[in-house]
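The structure appears right after this line, and notes come after that.
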Amino acid sequence: AQSVAQPEDQVNVAEGNPLTVKCTYSVSGNPYLFWYVQYPNRGLQFLLKYITGDNLVKGSYGFEAEFNKSQTSFHLKKPSALVSDSALYFCAVRDINFNKFYFGSGTKLNVKP
Amino acid sequence: DVKVTQSSRYLVKRTGEKVFLECVQDMDHENMFWYRQDPGLGLRLIYFSYDVKMKEKGDIPEGYSVSREKKERFSLILESASTNQTSMYLCASSLLSFSHEQYFGPGTRLTVT
C-alpha cells in the first residue's frame, strides 16, 4: 500500500537560516511526489512535484525538494527561511493504480524573527 | 488560474440534519475529491470521482455520500449529521494525468452541535 510519513509534527527555525521538512514514502512502482502548503483557515496550495528526471526539484516561493530513491525520501528545503513561511506543510504521493493521493500528517513550520 | 470554490466557509448544523457541501471547479478537470482534515490526522479521503456520475469510495466513506451530475460540480452529502463529523472539509480537483497535482478549494469548517 502507498503511504507517506512526516516524522516531525513541528519544525522551528530562525529567520534567515536554512530549513528542512522531512518526508518519506512507500510506493509500488515509480513515485509521483508532491508538496503542499496550508496557511491558517485556507485550502492547500501546490508547491512542487517530482515526477521524473533531476532529483532536485524547484518550486514556488524559493522552495526546493530533493528526491532520494535509495532512502525513499522527498525532503522539502529552503536556503533562507522567512517568517512568512510559517505554515502547515503536507507531503503527498499519488497512487496511480487507484487514482488517489495519499497525504502525510503534516508538519507545522514555525519561523521566528 | 484554476479556481476551486466551495459553497460555504463556515457552517453550523444540528445533529441529524442533512448537510450539503458543494464544490465547483472551472478548469475542466476530470478528477474531483472530498477530504476531511483533522488535527494530527492530516487529510483523509472520503470520496472521489473521475467522471460525471462516477464515484469511488475513499478511506472513510461511512456516513457520507456524493453526487456528480456535471463535470464541474461535486457535492458531498452528510445524510444525518453527527458530532463526530465536525471537521474541516476540503474539495480538490485534478486532471487524470498521473503527473498532475491537485488544486484545492478554501475549505468548509463544519460544526455539528
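The values are calculated or read from the model by the stated rules, or taken from the named source; none is laboratory data. Source: prediction; values computed, not measured. Don't worry about glycine lacking a Cβ; one is built from the backbone with ideal geometry, like all the others, and counts go over all protein chains shown.
Tabulated data for the structure shown
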{"item": "Looking only at the stretch A:32-46, and only at residues there that are crowded, with 21+ Cβ neighbours inside 10 Å and more than 10 Å from every other protein chain (Cβ to nearest Cβ), the one that is modelled with the highest pLDDT", "result": "A:Val37"}
{"item": "Any hit, the stretch B:84-104, residues being surrounded by 14 or more Cβ atoms within 10 Å (Cβ to Cβ), in a loop (DSSP other than H, G, I, E, B) and at pLDDT 95 or above", "result": "yes"}
{"item": "Test: A:Asn12 is modelled with pLDDT under 95 and either touching a Lys or Arg at 6+ places or on another chain (Cβ under 9 Å) or of a type in the set (Lys, Arg) (or both)", "result": "no"}
{"item": "Matching entry among A:Ser84, A:Ser28 (being surrounded by fewer than 13 Cβ atoms within 10 Å (Cβ to Cβ), of a type in the set (Gly, Ala, Ser) and within 26 Å of B:Asn31 (Cα to Cα))", "result": "A:Ser28"}
{"item": "Failed item, numbered, when A:Lys49 is tested on (1) of a type in the set (Lys, Arg); (2) closer than 15 Å to A:Val13 by Cβ; (3) within 13 Å of chain B (Cβ to nearest Cβ)", "result": "(2)"}
{"item": "Selection count, the stretch A:97-111, where residues are in contact with a Gly (Cβ under 6 Å, 6 or more places away or on another chain) and assigned to a strand (DSSP E or B)", "result": "1"}
{"item": "Some residue of the stretch B:4-23 being at pLDDT below 95, within 20 Å of B:Phe98 (Cα to Cα) and surrounded by 13 or more Cβ atoms within 10 Å (Cβ to Cβ)", "result": "no"}
{"item": "Residue match in the stretch B:7-27 (condition: acidic (Asp, Glu), over 29 Å from A:Ile96 (Cβ atoms) and more than 9 Å from every other protein chain (Cβ to nearest Cβ))", "result": "yes"}
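Listed here are the residues, each with its yes/no results for (1) more than 10 Å from every other protein chain (Cβ to nearest Cβ); (2) within 22 Å of B:Val24 (Cβ to Cβ); (3) among the acidic types (Asp, Glu).
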position	(1), (2), (3)
B:Val52	yes, yes, no
B:Ile60	yes, no, no
B:Ser67	yes, yes, no
B:Ile77	yes, yes, no
B:Ser80	yes, no, no
B:Met88	no, yes, no
B:Leu110	yes, yes, no
